[in-house]
1. So how many residues does the range 270-318 have that are among the hydroxyl-bearing types (S, T, Y) and more than 16 Å from ligand 1 (Cβ to nearest atom)?
2. Please verify whether D227 is of a type in the set (D, E) and either touching an Asp or Glu at 6+ places or on another chain (Cβ under 7 Å) or within 14 Å of ligand 2 (Cβ to nearest atom) (or both), treating the condition exactly as stated.
3. Which residue, of L55, L37, L9, is without any contact (Cβ under 8 Å) to a residue 60 or more places away in the chain and either farther than 19 Å from R102 by Cα or surrounded by fewer than 18 Cβ atoms within 10 Å (Cβ to Cβ) (or both)?
4. How many residues does the range 321-347 hold that are surrounded by 13 or more Cβ atoms within 10 Å (Cβ to Cβ), away from ligand 1 (no atom under 13 Å from the Cβ) and not polar (S, T, N, Q)?
Amino acid sequence: MRSDGPFALLAELTYDCPLHCAYCSNPLELAHYRDELTTAEWQRVLAEARELGALQLHLSGGEPLRRRDVVELVRTGRELGMYSNLVTSGLGLSPARAGQLREAGLDHVQISVQADEPVLSDRLAGTPSYQRKLDAARTVKELGWPLTVNVVLHRQNLDRIDGILELVEAMGADRVELANTQYYGWAWRNRGGLLPSRAQLERAETAVRAARERLRDRMQILYILPDYYERYPKPCMGGWASRQLVVAPNGDALPCLAAHELPLPRANVRERSLDWIWEESPLFRRFRGTDWMPEPCRGCERRELDFGGCRCQAFQLTGDAARTDPVCHLSPDHELVTAAVRAANDPAGPQEVVLTPRPHPREVVP
Ligand code: SF4
Ligand code: FES
């Protein structure tokens with residue numbers, strides 16, 4: 001029996017990026033991704049994704065505006081009837097480029113913000129970018145696009161959440177996604193300096209509640225807790241190979257952003273159709289549904305709600321992607337998470353942890 005198709009394609013056009021965020025979820029091995037898909041190859045991927053049922057096209061990276069053909073790809077998405085969303089740092093979104101994207105049919109823009117003031121923001125982004133983000137947001141609003149602002153929250157900016165919310169409001173955002181860091185890629189490497197304390201989170205929740213009350217008619221506020229502090233794991237990607245599909249710059253197709261780290265056979269759009277990859281590839285079939293589950297998930301009443309959590313997190317923490325996500329308090333490996341949380345709340349622990357910035361792809365030795 002055929003499975004339902006994905007509703008969204010996340011097209012990671014390039015891992016090239018002007019920013020160097022220490023919480024970046026991009027792979028550590030950037031050299032593998034230099035041989036990027038051509039425009040024609042991306043156009044075929046978009047058509048095949050639409051054929052599979054995908055209605056949303058998220059253009060991401062790295063920085064998707066680093067690809068010269070992004071306007072052409074937006075136009076292709078529009079011709080296929082897809083709703084397109086540009087996920088950008090804002091750098092490279094000049095008024096001229098924005099006008100071309102508008103004319104090509106881009107529907108929505110998401111701009112990332114690191115902090116509410118230039119010094120911290122530029123430090124976290126690893127490059128002067130604060131003012132250019134504000135300029136890009138102004139351009140987005142002038143062209144009449146809906147604007148979502150993405151803020152990755154962590155130990156080093158959580159205490160500024162009031163200011164961040166004021167900034168986002170001043171940018172004219174229709175929606176803000178305040179997402180505590182997920183520990184993949186560079187964020188995993190920098191976890192000690194990013195995982196917040198419980199006191200920081202409690203203060204942030206109070207600030208978010210107050211802002212929701214104050215801005216309820218003007219801005220939607222989405223706040224995503226760090227799952228390390230939850231009792232149950234997140235239903236990652238809405239279930240493995242269930243609703244979304246990621247294609248990396250080199251054509252690797254993945255069920256989620258971090259699956260490249262798992263010891264599973266690769267599936268690449270240069271070798272196979274997306275239909276085959278979605279339906280038949282061992283990578284996509286491996287954790288689909290619930291048959292693969294071990295105990296305690298197998299007998300748990302929440303197994304269709306959270307799908308046993310995140311496979312990539314299970315792999316990162318235990319070395320076995322088929323184990324219950326250790327975030328779950330029922331997992332036999334839960335101590336791996338509580339130990340990290342204890343360290344983040346230890347008053348005697350290191351307070352100033354130096355973060356390793358994500359390098360520029362061209363600085364990575366192949
Ligand atoms: Fe979810 Fe598995 Fe934990 Fe049950 S045991 S709540 S299915 S992760
Ligand atoms: Fe891969 Fe959660 S990021 S399953």
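Since every read-out is calculated from the coordinates, none of them should be taken as a lab result. The shown structure was predicted, so the numbers you read here are calculated from the model rather than taken from an experiment. All Cβ positions, even for glycine, are placed from backbone atoms using ideal geometry, and neighbour counts span all protein chains on display.
1. Within the range 270-318, the subset among the hydroxyl-bearing types (S, T, Y) is 273, 281, 290, 318.
From what is left, the residues that are more than 16 Å from ligand 1 (Cβ to nearest atom) are 273, 281.
So the answer is 2.
2. Numbers: of a type in the set (D, E): yes; either touching an Asp or Glu at 6+ places or on another chain (Cβ under 7 Å) or within 14 Å of ligand 2 (Cβ to nearest atom) (or both): yes.
When the stated conditions are applied, D227 passes them.
3. On the way: L37 fails: without any contact (Cβ under 8 Å) to a residue 60 or more places away in the chain; L9 fails: without any contact (Cβ under 8 Å) to a residue 60 or more places away in the chain.
Unique residue meeting the criteria: L55.
4. Result for the range 321-347: 6.
A quick yes/no check of all residues on (1) without any contact (Cβ under 8 Å) to a residue 24 or more places away in the chain; (2) within 16 Å of ligand 1 (Cβ to nearest atom); (3) of a type outside the set (D, E); (4) not in a helix (DSSP H, G or I):
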position	(1), (2), (3), (4)
G163	no, no, yes, no
L178	no, no, yes, yes
G192	no, no, yes, no
Q200	no, no, yes, no
R203	no, no, yes, no
V208	no, no, yes, no
E213	yes, no, no, no
P233	no, yes, yes, yes
S242	no, yes, yes, yes
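Listed here are the residues, each with its yes/no results for (1) in contact with a helix residue (DSSP H, G or I) (Cβ under 7 Å, 6 or more places away or on another chain); (2) away from ligand 2 (no atom under 16 Å from the Cβ).
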{"residue": "R303", "(1), (2)": "no, no"}
{"residue": "F315", "(1), (2)": "yes, no"}
{"residue": "D325", "(1), (2)": "yes, no"}
{"residue": "L330", "(1), (2)": "no, yes"}
{"residue": "A340", "(1), (2)": "yes, yes"}
